[in-house]
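Okay, structure first, notes after.
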Amino acid sequence: MSNHTKINQICGLKFIPLAEAEIFNLPGSDSINVSGALTEIPIASGEFTEEQTDGSPAKQTLSANVTDTGQDTSSNLRQLFSQEGILVIQLTSGEQKVVGTDEFPVLVTMTQSGSPAAYKLTFDRESPEPAKFLQSF
């Protein structure tokens, strides 16, 4: 039994609601094609963790902080994350990984805390497939 754990610092985050995405995914492949209007999320910091034991679902965790809490940003983020979608994560290594597929989308939770206010974006999920490399159509 092999256990693969990856912890990555993220420097960019984009999201597209499932209803607005065009996705080509082959189960078992290490890449996925996603097109559509990806929305850039103004994160200040973040971390993505993925752990997979051979033959079991991938355990994926995201924690990202957004410090731009202006009225426009707040309402846009609330509307965006009220639906399931696909996340594109820009890693500090330069790679772009996609979390979520058309069959197993991501639902991000957004909470507000602190003074001055900041938003924390999180999810903790199990997925039949690990994060995949982003390929363009």
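Got a sec? Which of G85, G94, G100 is of a type in the set (G, A, S), under 15 Å from L13 (Cα atoms) and touching a helix residue (DSSP H, G or I) at 6+ places or on another chain (Cβ under 7 Å)?
G85
Among D102, D54, which is the only one that is more than 11 Å from the chain's Cα centre (by Cα) and either over 17 Å from K6 (Cα atoms) or hydrophobic (A, V, I, L, M, F, W, C) (or both)?
Going through D102, D54 in turn, the sole match is D102.
Show me the strands (runs of 3 or more DSSP E) found entirely inside region 3-83 where at least 2 residues are surrounded by 14 or more Cβ atoms within 10 Å (Cβ to Cβ) and free of Cβ contacts under 8 Å to residues at least 60 places away in the same chain.
Of the strands (runs of 3 or more DSSP E) lying wholly inside region 3-83, those with at least 2 residues that are surrounded by 14 or more Cβ atoms within 10 Å (Cβ to Cβ) and free of Cβ contacts under 8 Å to residues at least 60 places away in the same chain span 43-53, 58-66.
Inspect region 118-131 for any residue being part of a loop (DSSP other than H, G, I, E, B), loosely packed, with under 13 Cβ neighbours inside 10 Å and touching a residue at least 24 places away in the same chain (Cβ under 8 Å) and give the result as yes or no.
yes
Confirm whether E129 is under 16 Å from A19 (Cα atoms), modelled with pLDDT under 95 and not aliphatic (A, V, I, L, M).
no
In region 85-117, how many are within 15 Å of E22 (Cα to Cα) and assigned to a loop (DSSP other than H, G, I, E, B)?
6
The values are calculated or read from the model by the stated rules, or taken from the named source; none is laboratory data. Computed from a predicted model, the values in this text were never measured in an experiment. We place every Cβ from the backbone using ideal geometry, glycine too, and count neighbours over all the protein chains shown.
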